[in-house]
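Report on the structure given below.
The values are calculated or read from the model by the stated rules, or taken from the named source; none is laboratory data. Note that this is a predicted model, so its numbers are computed, not measured. Cβ sites come from the backbone with ideal geometry, for glycine too, and all protein chains shown count toward neighbours.
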Amino acid sequence: MVGKRWIAVCVVLAAAGASALLLSGGEKKRIEKRLTQLAGTVSKERGDTALNVALRVQRLPEFFDKPVRLHTQVYHMGGTLSPTEVASEIMRARAMFNTLKLDFYDVDIDVADRTSARLRLTARVTGRLSTSEAIDEVRELECLLRKVDGEWVFSECRAVAVLEK
Amino acid sequence: MRTDHIKNFFFPRITRRYLVRLLLVAVAAWFICRQVLIPVRIRGVSMEPTYRDGGINVCWRFRYALRDPRPGDLVAVRFSGRSIMMLKRVVAVAGDTAAFSNGVLYVNGEAANEPYVVYPCNWNLPPRIVNPGNVYIVGDNRSVPMEEHNFGQTTTDRIMGAPIW
């Protein structure tokens, strides 16, 4: 009798562990997909049409929490901003480029619970400015994400100081 | 006889033994390229003329396994992972004081001998002490403005190895 109980407890624990792993894996996939979407929305190819820009302006705020805290001075973006403010800052920086590509590397996702996650990643911005100057910037970022209405949004972002002059 | 050897080399018979060998070679190659000798492509001009933009190299992971990096050593420094690394040169170690005056590097108050720095520069940076567990790294190409060059102190746990040539 005792043996059967132990087996039942072990089965329940194993099922709980497996479902937690599956859920966490699913959320990780969703966050990775979200990052891909953000990179695609920010990136720019030559010949960006007005319609394309308008669509991006509309789509970008959906990636950010209300409000979002940025602890980074990249392109003078920093402080506590609303999603539309972040979007307009990104679009303003984007307008300076002829071509722009945003890529994320080595993404480490830690899903704390179903509604929050911590990210550590390397973001790389490559492109060419309107002045023909080539840009290749790499930053390590630490971000907090929150799940709002079923979608992961950036709640806080901090640039990690890899080098200290 | 020789023709048979050549034929067997290029068109081997698919046996179980052959498949096992193929699998072992693939696993060994994957392990070596991920953990021991990481192939890298150099992008950027911060290490010119020692390393040219677009060059190919291999990062030897165990370069500093038995000893700590010393001034003059080359290091590959990671961001959040190993996909993107910075290639720089160690100029000072923990406890040292590093400073620039009219483009000359001073370590502990003495002008450093740097035969690898070819292009002149006019950098000026007040002295700073390298913290315990850190190294001070700079690129060889100091012809770019100081504000645009990524250099400074970083933790030794970010050092992933060194290029083998």
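You will find that of B:Val75, B:Val40, B:Val91, B:Val58, the residue that is more than 14 Å from chain A (Cβ to nearest Cβ) and in a strand (DSSP E or B) is B:Val58 and no other. Can you find a residue in the stretch A:69-78 that is among the basic types (Lys, Arg), more than 14 Å from chain B (Cβ to nearest Cβ), part of a strand (DSSP E or B) and touching a residue at least 60 places away in the same chain (Cβ under 8 Å)? Yes, the stretch A:69-78 has at least one match. Only one residue in A:Thr115, A:Thr131, A:Thr126 is of a type in the set (Ser, Thr, Tyr) and within 12 Å of chain B (Cβ to nearest Cβ), so which one is that? Testing whether each residue is of a type in the set (Ser, Thr, Tyr) and within 12 Å of chain B (Cβ to nearest Cβ) leaves just A:Thr126. Looking across A:Val86, A:Val42, A:Val68, A:Val53, one residue alone is over 16 Å from the mean Cα position of the chain (by Cα) and either surrounded by 14 or more Cβ atoms within 10 Å (Cβ to Cβ) or among the polar types (S, T, N, Q) (or both). It is A:Val53. Annotation note: of A:Phe154, A:Phe97, the sole residue that is more than 13 Å from the chain's Cα centre (by Cα), more than 20 Å from B:Arg158 (Cβ to Cβ) and aromatic (Phe, Trp, Tyr) is A:Phe97.
Scanning the stretch B:126-164 for residues that are crowded, with 17+ Cβ neighbours inside 10 Å, within 9 Å of chain A (Cβ to nearest Cβ) and touching a Leu at 6+ places or on another chain (Cβ under 9 Å) gives B:Ile137, B:Asn150, B:Phe151, B:Gly152, B:Gln153, B:Thr154.
Could you go through the stretch A:98-117 and let me know if any residue there is outside any strand (DSSP E or B), touching a Lys or Arg at 6+ places or on another chain (Cβ under 7 Å) and either modelled with pLDDT of 95 or more or under 16 Å from A:Asn52 (Cβ atoms) (or both). Scanning the stretch A:98-117 turns up no residue that is outside any strand (DSSP E or B), touching a Lys or Arg at 6+ places or on another chain (Cβ under 7 Å) and either modelled with pLDDT of 95 or more or under 16 Å from A:Asn52 (Cβ atoms) (or both). If you go through the stretch A:152-165 one residue at a time, do you hit one that is surrounded by fewer than 17 Cβ atoms within 10 Å (Cβ to Cβ), closer than 30 Å to B:Val130 by Cα, more than 14 Å from chain B (Cβ to nearest Cβ) and in contact with a His (Cβ under 9 Å, 6 or more places away or on another chain)? Looking through the stretch A:152-165, none of the residues is surrounded by fewer than 17 Cβ atoms within 10 Å (Cβ to Cβ), closer than 30 Å to B:Val130 by Cα, more than 14 Å from chain B (Cβ to nearest Cβ) and in contact with a His (Cβ under 9 Å, 6 or more places away or on another chain).
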